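> Quick one: this structure, given as structure tokens, is what I'll be asking you about.
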Amino acid sequence: MSADISPVIASTAQWLLRSYPVTGGALDVALAEAQARQAATAAAWLRYPTAADAAVVALVGPGGATRLDWVTGADTSGPETSGEPWRTWVDEVVASWAACLLTVPELADDAVAAVTRGEHAAGVSLDFRRLTRPDDGDRRAAALLRHPDLLGPVADLHRAALVRHLQSDQLDADRV
């Protein structure tokens with residue numbers, strides 16, 4: 001199921017990692033990448049909860065990283081960012097929601113609970129522990145990636161929509 005939106009997940013996780021880089025070695029890079037990927041996956045599954053939603057975004061594309069780069073003050077005019085087609089697959093809402101999940105543990109828990117009830121999770125063994133239960137090594141590896149002040153401008157872009165979405169999902173779950 002997530003294969004339809006895997007470019008969105010991979011590109012958004014890549015954008016997060018490049019915008020909030022890891023300062024440690026190879027293990028820290030791997031741990032931070034796992035956290036960014038889990039946050040982007042949960043956010044994308046929330047944003048595009050059905051196969052039809054995933055198909056539409058795969059068809060029309062998510063919009064790209066331009067506004068996110070502007071919000072973070074990233075300089076993307078240099079040769080080091082030219083020719084990076086993956087940047088067109090970054091989803092602003094997914095990045096914002098992922099930033100929320102990385103910086104607010106309660107939102108991460110609620111999001112993972114919601115996606116486990118969703119269509120994408122059907123028949124899949126899920127493990128979001130790096131996102132929801134980071135250990136000291138995870139926190140150290142992703143110090144910038146989980147810093148609420150640094151991610152604040154990105155998280156604030158669509159935080160209210162995420163909270164509404166999770167509240168709505170919780171109401172739906174309570175009715176079942």
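The values are calculated or read from the model by the stated rules, or taken from the named source; none is laboratory data. If you're wondering where the values come from, they're calculated on a predicted model, not measured in any experiment. Every residue, glycine as well, gets a Cβ built from its backbone with ideal geometry; the counts of neighbours run over all protein chains shown. What goes into the accessible areas is simple: the full protein's heavy atoms, side chains included, and nothing from ligands, DNA or RNA. Shrake-Rupley method; radii C 1.70, N 1.55, O 1.52, S 1.80 Å.
> Check off (1) of a type outside the set (D, E); (2) closer than 18 Å to W45 by Cα; (3) open to solvent by less than 30 Å² (accessible area, probe 1.4 Å); (4) in contact with an Asp or Glu (Cβ under 7 Å, 6 or more places away or on another chain) for R130 and give me the number that stays unchecked.
(3)
> Report every pair of residues separated by at least 6 positions or lying on different chains whose Cβ atoms are under 7 Å apart, first residue within the range 49-61 and outside any helix (DSSP H, G or I), second polar (S, T, N, Q).
G61/T88
> To continue, here is another question. Within the range 108-122, which residues are open to solvent by less than 10 Å² (accessible area, probe 1.4 Å) and under 19 Å from P148 (Cβ atoms)?
Of everything in the range 108-122, those that are open to solvent by less than 10 Å² (accessible area, probe 1.4 Å) and under 19 Å from P148 (Cβ atoms) turn out to be A108, A111.
> Let me ask something else about it. Among the residues in the range 159-174, are any open to solvent by 40 Å² or more (accessible area, probe 1.4 Å), touching a residue at least 60 places away in the same chain (Cβ under 8 Å) and in contact with a Cys (Cβ under 9 Å, 6 or more places away or on another chain)?
So far as the range 159-174 goes, yes, one or more of its residues are open to solvent by 40 Å² or more (accessible area, probe 1.4 Å), touching a residue at least 60 places away in the same chain (Cβ under 8 Å) and in contact with a Cys (Cβ under 9 Å, 6 or more places away or on another chain).
> What number of residues within the range 20-45 are in a helix (DSSP H, G or I), open to solvent by less than 40 Å² (accessible area, probe 1.4 Å) and out of contact with any Lys or Arg (no Cβ under 6 Å at 6 or more places or on another chain)?
11
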